[in-house]
Every structure is written in structure tokens, then in C-alpha cells.
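S.K.: I'd like to ask you about the structure that follows.
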Amino acid sequence: MMKRIYSLSRYWGLAISIIMIISILHIITTPIHTYSQITNQYVWGYPGVGRGNLNPFTATGVDSVIAGILYSTSLVWMAPNTTLIPWAAYKWEFKQVSQNLTELYFYIRDNAVWSDGSPITADDYVFTWKSIYLPFNKTLDPFGIWRYVVSVEKISDKVLKFTLARNNSFIFAVVSGRIAVPAKIWGPLVANMTESDFAKLVVDPKSDLLKVTSGPFTLEFYDPNSQAVLKAFKQFFMGSPHIDRFVIKFYESTQALIPAIIKGDIDSAYFSPTDVPTVKGVPGITVEPMPWSNNVFYLWTNNQVYPTSLPELRIALSLAINRVNLANRAGGGYGIPRYNFFPPIADSWVNPSVNGTNTQYDPNKANQILDSLGFKKGSDGIRVTPNGTRLSFELAVPSISDWLVAAQLIASDLKNIGVEVNIRLVAIPTYVDIRSKGAFIIFFGSRIYSVYSVYDPVSYILYPVFDSKSTAPIGSSTPGTNWARVIDPNLDQLIESAMNTDDPSEYKNYVMKIQELLHTNMYIIPLYSIYDIKVYRSDRIEGIQTGLQTLDTLLSVRVKGAQIQTTQLPQATTIVQTAMVTTQAPATVTQTGSQTTVATIITIYATPTPTAQPQQGLGSLEIAAIVAVVIIVVAVVAALLLRRK
Amino acid sequence: MRIASKYIARRILNSIIIIFLTLIIAFVIPRLSPGDPVDIMQQTYGLSNEEAEAIRERLGLKGNILEQFITYMSYLLRGDLGRSYSYNMRPVSEVILTALPWSLFLLGVAITIRVLIGVLLGIYFARKQGSLLDTSVSGIMSLILATPYFLLALIFLYVFSVKLNLFPLSHAYTYESIQKGFSIEFIIDVLRHSALPIITLVIIGLPSTFYTMKNNMILLLNEDFVYVLRAVGIRESRVTRIVARNAILPVVTSTAISFGYTVVGAVVAETIFSYPGMGYVLTNALLNKDYPLIQAIFLMLSITIVMANLIADILYAFLDPRVELR
């Protein structure tokens, strides 16, 4: 018997090999359907992983995007292009009670329901504001903008009243994007919670809390290392999405998104400018810059360390840098030079009388300033201060391709005025540490601003970046983003005055005056901004929007040729396309669902035209072919050499 | 075969010491780089200095490095690996358990296939030594040996996935298949997704197995006992089998030793192919200075590698009756 088994075992290897070969052939010959091709779904690629916290108030990264989709109960949305979009509320009214007190009434849609079918009512908003936003404001409102909320009251099931200690359109910054959660589910949870407990509250993707949500999608599947799958909620109050599923696939890096979109594994992703050339021109792929930008790249100078504590030196550095060149090359053709401190999104607040002061490229003037300071050039062309300090700085940069390009260009420009810059590549945690603890003379980096900076640049730009309360001594981490350690009592005074005034014209005057100080002292050096670039498979999907980014696209995106079953949009749901926003709201304004009448400042955002196209290199196929040929040639040569021996 | 219990006890003790040293290194090195995870949290969440200090205390990051290590060890000895900062304070054991099966699968299959193919090729080309095919294959093997893994993986990814569309580009499964539970469709889906990472891991590790096996075969084929076997009329295929059994012994050891390199390869593979295993998790942990997760992964890796070596030693004694473990 044993002998028989043994003799049979000789053929096991052969049998296993045959099975393996058949299996491999089967796998290879079965056509691969990428995710998007299977069903009526839209797949978005995200460079990073989930963290497993879908708490809509504290989630970060991609989790905050998912939580925002699940709880889409904001009464009104303020789009990045300053458009006001009615959302859970179909209309609103202002009532000026007194000079410093405004009542704002929101009318909630009749068809607004939670995913369990129960109606979304004013009670849910009152609960969320009174039990979460206001008591936990230290965690949830770092800029203190909710200090304007005096009370939130229910007038009826579908009418809500905010009383605000402010009489201008800042109130939209107060309510826009602030979601509500169902009182019946969240009430017992937060009843006895301290602020510290709430800050630590993790909402697991499998939590029962997520069974009652309100957005256009509900959560179907979540793997923090792989993907999240959301299923369309057909009763969504703004209308049912045209897609059945929204899939977010997590990738290790932005570079991993490139083959994914070329292959069609994902339908859409945001790309950095330097990655765009690799997909531009690929059939079926459309590259579209967002029509707005809310970031600024700065050269941050340490204001507490000699010699960058000298305003004259900072001005000289600013004048020496060619911003157009930086924007074109580091911005990959999607950059815009910045001659002031604000992001393009907040251009309406720029002081025209100082815009460009000390920010225009003028290396001759920069050299003159340094000469006048007595900074003499040594034999190697690098300047030395009168006390013997050599103008040689280290510039810490994380290894992000376009940042490296920018650092190199800055180093080259500064060398022309006798300032040596040594670029040091650092890991991101090290970079964050250097930045936060002030362990630098200069460093390069961006600051991404909130969309609310359009309404309140003092709270959202000037206070966190320039106020002394947002900084810390060198060696300690800054509570805000005043990484440059700017400490100027005059500046603090102006910022505080602006934050305390209720008079819009006074507020604007302060913003203008602050900019004069900024340009005179050049505490930090603005360089350029870049547009986020949306890359999508236009051969497969249509209806990509660039307004509210994720949310509006999710409602309009369609898979070409897919069978669509949608519900009708509710009545009076007219999205405002061209609303205008003001800093001087009239005493009483009524919004009726289609157009808003508040308007004095109009900001126009044109889709940027690439200022320069990066040179196209070899295509990936060509590179692969060359590599293959090289491998074969080397192998043959190696074989011949070995054979001779 | 004699396995001395003293030998095994000594080896286990050595292994514990090695693991403890690795643990110290894994604990100290991340802390030598500037900053700590609370700094990152402070920037992300806008925490005040007081809040940051409170979190530091809660996470056992207060005090000097020795005090931190003692705190860490006291928790570790109670079986508590801590909580992961980068995964929203989920228990580290939970995070690892989610990723570990994928890595074990990837590594297990890759190493098995690599050893099988490497041994078979080694046997075959030892007999064909000096032929044109042998020199060509040896040249290619040398080339693979000198190729950085990430480059090979990227080329394969581009050619076989993007261009030829033979394999999926990334991840370990599709949502549709996982919905069907542990089914044939799910297994095929998982195999398809793991094909490219496994193929690249097999290719990159193949030369070492191939060369070890081939060189041993060549040495043994010139031994006297082989001439005797042939002289008494034993068939060539039988001779090859006898020689191969003897030649395979060093392959066992080298596979165990190279296990560490394969693990490193898997880390890169998982990162490039967005495969949700331990390497992918480790990359994220390193980027976020997630000390507890980094420490736990290194601890696990060191235990695995040390155990692999220990098992190889013991297995050697089983395979070769001449070996005596003392």
C-alpha cells in the first residue's frame, strides 16, 4: 500500500504543476474589469490611508471627506468662489434687531430626512449647536468665530433662528459647512461629555452612530488601508445621485495615482502640478485646474534670529526672488506669482496701494540694500555681516518634487545677491518639527487657508500667521501657524481691533493698514500659489464640477452610458450659480432660493491658463522599451563573457 | 539525528536576547529624529501647549528616554502593545491583525514559489553547466541580483498591469468579491491582486536560491560517491535526485537568513502596489512617527526572523542525519 502511495507521489508534482499552470492561464486570460467598469459607480483616488475615525466633527484627512458626505446637513454652503448655495435650508432671512444684533432665520426643507426616514428638524440643529459646537468650541472652532453666536432657537420644526452679535455677512462663515447630527442618536452620547472627552471621541466606521446619517451616500464598507465604499441614498433632500456607488480608493502616494488613472482603476483624483505632464495627452483623460486657489507658498524667515530679524535683509531676500520663474517652473505651469500675503481666493481684500511693494523682482535693489547694511561679499561671493556672520543658510525641504524645484530656484536667486542657501532634504516629521519649533533661519513651505478667509481674512489669515498669540518661543511648538515668530505689538493691536469691530468699513480699514505693515516689514516672503488640478476620465464619466469639490460633483457625476434611476429634485432647490458676497450686508436681506441680493464685492476667478508648459520627456512606454532593451543587451553580453571564461 | 535540549534552550535564550536588543533599537531610533508625534498632532489639531503636554503624558512620552522605555516595557510585559496614533488610537494589536494576514500570505507564497523554482532551476543548470542557456540564465540572474527591487516592481507594474492589463494595479481585493465572503470568486480575486507583488518578490529573491542550489549541486556532482553511483549503474535521474537531496540543505539555511531581506522586499512591494499588509502600515507609521506601531511591527519582524533562523537550524538537523546539535 505504502509503496503504491509512494509511486503515486512521483506524479503529485506533475499534477500540482498542471493545476498551477491552468490556474495561472485562467487568471491571465480572464478579462480584468477595473472597479469603475463593473457598475454605475464613481471611483476617486486618494493619496493616503484612512484613520478609522468618522466623527464628523473631528475627523481628519480622507475621513473628514467621508464624514462630510455622510452628514451633509449644512444649512447653506459657501463655495470657494464665494457663491452661496442653499442646502438643507431652502431660504433664509436677516432681521437687524439692533446695530450689533442680527437675527437669521433658516427654513429647512420639508423633504430633508435622515437615512432612517425620520425628518431633519430644527431640534437637530439646536441640539448640535447647544450640545456640541458651543460647549466644545475650543476644540472645534480654533479661530473663535462662533463667539458671534448669541443663541440658536427653534421657531418651528422646520424654522430655526440664530441670533448673532454681528451685523454683516461674516455670519455665513459661522453657519456654512456646520452640519447637524440627529439629536436622538447623539444626545445620549454627548450628554455628560467633557470637551476633552469629545476631542478624543472616535467614531468607528462600524459604529451604530453611522446608521443614521443624512448625506447623498451612506457608508457601505470601510477598510482604512484599502478603500471606502459609499452607497447612494435615494431620498437625499437635494436629489438622488446619478451613480449607485462612490468608491474612495486609498493609495500610498500621489505618484501611485498616475498609473491608476491611466489604467482606469480610478475615475478622478487631484494631482500636483509636477505630476500632470505624465497624464496630460493620455486619451480619455481630462486635466482641469480648479478655478480657485487657497494656498500660498512662502519663504518663512525667523524674525527672532539674527540676521533675518533685520527687516532690511528680509526685504532684500524678497526682492531677489523671481516669482514668475518660480510659479512657472515649480508650479508646473499652474502657478501664479504672489505679490501680497493673501491667497488668490481672498484677492478682494488685497490693499492695491501696497500690493507689489517689496515683492517685485529687483535683484539690483536687493544688492544695494545689502551693501547699505554693510554686508560685504567675501572671496567666494558670499556676503558677511559686519559682525562676521556669513550669509549662509540651511533650507530644510521635505522630498516633494515641486518643493525641491522651488528650493533650488530660490537658492539660485539668492546666490545672485551673495546669500548662500544649502538645501537639506528632511523627512516630513522632521520638517514639521523644524517649522513648529523655530529651528530655522529660513524655510520654504505652503500655507493652505480656509475658504472662510474670503469672509474674514483677519481670523483666518492674519491672526494665525502674524499675531504673537499664534507663536511660541524658539524651541516650543507654536499654537497657531506663526512659525516665523512674528512679534510686533503694533501688528497685534491692529489685528485685535479688527477682530473686535462690528463695523465692516472699519474692519476693512484695519485689513488695509495691516497689509501696509506686512509689506513694510516683510515678516515672511510670499512667493506663489498653485491651483489644484483635477484629473478625470472624461471618456467614462461626465458632470464633474469644480464648485463644492466633492459634494456637487457627487450629485452631478454620471457614468457614461449607465442606466440611471434618479428621483426628482425637490422644488425650490435652485443652486445659486453666481451669488455675490459682501462685507457690508444690508440691514434686511431675503433669500428666496435662487438668487441672493447681497453684493458689493465681486471676485472673479478665471480658470488659469498654464503660464508655461513643462517640457515633455520620453513617454513611459518608451522608457520601458529602453529599459527592456538594456536588460536584454546586458544579459547577452554577460552570457557571452561568462561563456568565454 | 540528535537534538540536544541544551542546544535548543541556549538558542532560545540567544533569540530572546536578540529580540530584546532589536526592541531597544526600535524604541530608540525613531526617538532620535527631531520631534515627537504630539508635535504633529499639535499642528494638525491646533492643540495648546498644555493639551499637548497632557497627551504626551497619557501616551507615555513624558520624561527621559529611559523612563519612557520602562513605561513601554511595563505595558509590553502585560501584553499591551499600546495604541496607534496614526490610526486614531486604535489598539496596535488590532491594526496589526488587520494587516498581518495579507503580509503572511504574500511572503508565504512568494518564498515557497521562489524556493521551488530556484531549487529546480539550480538542479537543472548544474547539470547543464557551461551551456549557452546556462550562461545566459546566470547572466540574467546576476542582473536581477543587481537590480533595485523598487525599479523591477515599477517596471512590472507598468508593463503587466498598465500596458498589458494582465493584472490589477493595486490593492488586495475588490469590494465586490469581499462581499461574497470566502468564496472561489474571492480567492481568485485575491490571487489576481497578489500576482504582481508575488511575481516581483519571487524574481528578486530567485538568484540567491538559484546560485546556492546550483553551486552545491556542482560541488556534489564532482564528489566520489557520485562516480560510485554512476559506476554501479544507477540511472542519471536517480543520481540527480540523490545529489539534490544533499545539495538542498544550505538552501534551507539561506532561505531562513534571507527571510529578513524578503520582508524588506515585501515592505517595498506593499508600498508600490498599495497592498494593505504590514509594510504598508509600517510606511504610514514611520511617516506619522507612530512609535507604538513602529515598535510593535519591528518587534514582530524580529521575532519572525529570529524564529525562522532557529527553525532552520533545527530543521537542518532533521534533514541531515550527520548534523548534531550541541
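The values are calculated or read from the model by the stated rules, or taken from the named source; none is laboratory data. Being a predicted model, the structure only gives us computed values, none of them experimental. Virtual Cβ from ideal backbone geometry, glycine too; neighbours counted across all protein chains shown.
S.K.: Against the conditions (1) surrounded by fewer than 23 Cβ atoms within 10 Å (Cβ to Cβ); (2) modelled with pLDDT of 90 or more; (3) within 12 Å of chain B (Cβ to nearest Cβ), where does A:LEU201 fall short? Just the number, please.
M.R.: Condition not satisfied by A:LEU201: (2).
S.K.: Only one of A:TYR90, A:TYR107 is touching a Ser or Thr at 6+ places or on another chain (Cβ under 8 Å) and in a strand (DSSP E or B). Can you tell me which?
M.R.: Every option except A:TYR90 fails the conditions.
S.K.: Here is a list of conditions, (1) within 13 Å of chain A (Cβ to nearest Cβ); (2) in contact (Cβ under 8 Å) with a residue 24 or more places away in the chain, and B:ASN246 meets all of them except one; can you say which number that is?
M.R.: Exception for B:ASN246: condition (1).
S.K.: Residues in region A:243-257 that are part of a loop (DSSP other than H, G, I, E, B), crowded, with 21+ Cβ neighbours inside 10 Å and more than 11 Å from chain B (Cβ to nearest Cβ): how many?
M.R.: Qualifying residue count for the region: 1.
S.K.: Here's something else I'd like to know. Would you pick out the residues in region A:205-240 that are outside any strand (DSSP E or B) and within 14 Å of another protein chain (Cβ to nearest Cβ)?
M.R.: Residues satisfying the conditions are A:PRO205, A:LYS206, A:SER207, A:PRO224, A:ASN225, A:SER226.
S.K.: Residues in region B:129-149 that are under 15 Å from B:THR200 (Cβ atoms), outside any helix (DSSP H, G or I) and of a type outside the set (Val, Ile, Thr): how many?
M.R.: 1
S.K.: Out of curiosity, is B:SER254 small (Gly, Ala, Ser) and touching a residue at least 24 places away in the same chain (Cβ under 8 Å)?
M.R.: Yes; evaluated as a whole, the condition is true for this residue.
S.K.: Could you please find all residues in region A:208-230 being closer than 20 Å to B:ILE178 by Cβ and surrounded by fewer than 18 Cβ atoms within 10 Å (Cβ to Cβ)?
M.R.: Listed by number, the residues that qualify are A:GLU220, A:PHE221.
S.K.: Also, quick follow-up: Tell me, please, whether a residue that is out of contact with any Lys or Arg (no Cβ under 9 Å at 6 or more places or on another chain), under 22 Å from A:TYR251 (Cβ atoms), buried (at least 21 other Cβ atoms within 10 Å of the Cβ) and more than 14 Å from chain A (Cβ to nearest Cβ) can be found in region B:214-228.
M.R.: Looking for residues that are out of contact with any Lys or Arg (no Cβ under 9 Å at 6 or more places or on another chain), under 22 Å from A:TYR251 (Cβ atoms), buried (at least 21 other Cβ atoms within 10 Å of the Cβ) and more than 14 Å from chain A (Cβ to nearest Cβ), one finds none in region B:214-228, hence no.
S.K.: Got at least one residue in region A:408-419 being modelled with pLDDT under 90, aliphatic (A, V, I, L, M) and on the phi < 0 side of the Ramachandran plot?
M.R.: No, the conditions are met nowhere in region A:408-419.
S.K.: I would also like to ask the following. Tell me which residues, restricted to region B:166-186, are among the hydrophobic types (A, V, I, L, M, F, W, C) and more than 7 Å from chain A (Cβ to nearest Cβ).
M.R.: B:PHE167, B:ILE178, B:PHE182, B:ILE184, B:PHE186
S.K.: Then there's this: Do you know which residues across region B:119-164 are in contact with a Lys or Arg (Cβ under 7 Å, 6 or more places away or on another chain) and within 20 Å of B:LEU201 (Cα to Cα)?
M.R.: Of everything in region B:119-164, those that are in contact with a Lys or Arg (Cβ under 7 Å, 6 or more places away or on another chain) and within 20 Å of B:LEU201 (Cα to Cα) turn out to be B:GLY122, B:SER161, B:VAL162.
S.K.: Something else about it: Of everything in region A:241-251, what is in contact with a Pro (Cβ under 9 Å, 6 or more places away or on another chain) and at pLDDT 90 or above? Give them in sequence order.
M.R.: Residues satisfying the conditions are A:PRO241, A:PHE246, A:PHE250.
S.K.: What residue, of B:GLY122, B:GLY60, B:GLY79, is touching a helix residue (DSSP H, G or I) at 6+ places or on another chain (Cβ under 6 Å) and on the phi > 0 side of the Ramachandran plot?
M.R.: B:GLY60
Per-residue answers, yes or no, for (1) basic (Lys, Arg); (2) more than 18 Å from A:SER226 (Cα to Cα); (3) in contact with an Asp or Glu (Cβ under 6 Å, 6 or more places away or on another chain); (4) more than 8 Å from chain A (Cβ to nearest Cβ):
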{"position": "B:PHE125", "(1), (2), (3), (4)": "no, yes, yes, yes"}
{"position": "B:LYS128", "(1), (2), (3), (4)": "yes, yes, yes, yes"}
{"position": "B:SER138", "(1), (2), (3), (4)": "no, yes, no, no"}
{"position": "B:LEU152", "(1), (2), (3), (4)": "no, yes, no, yes"}
{"position": "B:PHE156", "(1), (2), (3), (4)": "no, yes, no, yes"}
{"position": "B:LEU164", "(1), (2), (3), (4)": "no, yes, no, yes"}
{"position": "B:ILE199", "(1), (2), (3), (4)": "no, yes, no, yes"}
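S.K.: Find the residue count for region A:352-399, including only residues that are touching a strand residue (DSSP E or B) at 6+ places or on another chain (Cβ under 8 Å) and of a type in the set (A, V, I, L, M, F, W, C).
M.R.: Here the count works out to 9.
S.K.: Which one of B:SER142, B:SER138 is among the polar types (S, T, N, Q), crowded, with 17+ Cβ neighbours inside 10 Å and over 23 Å from the mean Cα position of the chain (by Cα)?
M.R.: After ruling out the rest, the residue left standing is B:SER138.
S.K.: Also: Would you mind stating whether B:GLU270 is within 20 Å of the chain's Cα centre (by Cα) and among the charged types (D, E, K, R)?
M.R.: Yes: the conditions hold for B:GLU270.
S.K.: Which residue, of B:ALA285, B:ALA266, is crowded, with 24+ Cβ neighbours inside 10 Å and under 23 Å from B:PRO207 (Cα atoms)?
M.R.: B:ALA266
S.K.: Going through region B:86-123 one residue at a time, which ones are more than 9 Å from chain A (Cβ to nearest Cβ) and in contact with a Phe, Trp or Tyr (Cβ under 6 Å, 6 or more places away or on another chain)?
M.R.: Correct list: B:GLY118, B:LEU121, B:GLY122.
S.K.: Residues that are modelled with pLDDT under 70: find the helices (runs of 4 or more DSSP H) completely inside region B:1-86 holding 1 or more of those.
M.R.: B:37-45, B:49-58
S.K.: Now, a different point. Would you mention how many residues in region A:432-465 are at the interface with another protein chain (Cβ under 9 Å from one of its Cβ atoms) and buried (at least 22 other Cβ atoms within 10 Å of the Cβ)?
M.R.: Within region A:432-465, residues that are at the interface with another protein chain (Cβ under 9 Å from one of its Cβ atoms) and buried (at least 22 other Cβ atoms within 10 Å of the Cβ) number 4.
S.K.: Hey, B:ARG238 hits all of (1) touching a Phe, Trp or Tyr at 6+ places or on another chain (Cβ under 7 Å); (2) within 14 Å of another protein chain (Cβ to nearest Cβ) but one; which does it fall short on?
M.R.: (1)
S.K.: Let me ask you something else. It is to be established whether one or more residues within region A:343-363 are surrounded by fewer than 24 Cβ atoms within 10 Å (Cβ to Cβ), of a type in the set (D, E, K, R), touching a helix residue (DSSP H, G or I) at 6+ places or on another chain (Cβ under 7 Å) and not in a helix (DSSP H, G or I).
M.R.: Looking for residues that are surrounded by fewer than 24 Cβ atoms within 10 Å (Cβ to Cβ), of a type in the set (D, E, K, R), touching a helix residue (DSSP H, G or I) at 6+ places or on another chain (Cβ under 7 Å) and not in a helix (DSSP H, G or I), one finds at least one in region A:343-363, hence yes.
S.K.: OK, next. Out of all the residues in region A:145-165, which are among the β-branched types (Val, Ile, Thr) and within 31 Å of the chain's Cα centre (by Cα)?
M.R.: Passing the criteria: A:ILE145, A:VAL149, A:VAL150, A:VAL152, A:THR163.
S.K.: Kindly provide the set of residues from region A:447-469 that are over 18 Å from the mean Cα position of the chain (by Cα) and under 14 Å from A:ASN303 (Cα atoms), ordered by number.
M.R.: A:PHE466, A:ASP467, A:SER468
S.K.: Show the residue pairs meeting these rules: Cβ distance below 9 Å; 6+ apart or different chains; first residue within region B:270-290 and at the interface with chain A (Cβ under 7 Å from one of its Cβ atoms) and touching a residue at least 60 places away in the same chain (Cβ under 8 Å); second residue among the acidic types (Asp, Glu) and surrounded by fewer than 24 Cβ atoms within 10 Å (Cβ to Cβ).
M.R.: B:SER274/A:GLU252; B:PRO276/A:ASP223; B:TYR280/A:GLU252; B:ASN284/A:GLU252; B:LYS289/B:ASP36; B:LYS289/B:ASP39
S.K.: Do you know which residues across region B:49-85 are among the polar types (S, T, N, Q), under 29 Å from the mean Cα position of the chain (by Cα) and within 10 Å of another protein chain (Cβ to nearest Cβ)?
M.R.: B:SER84
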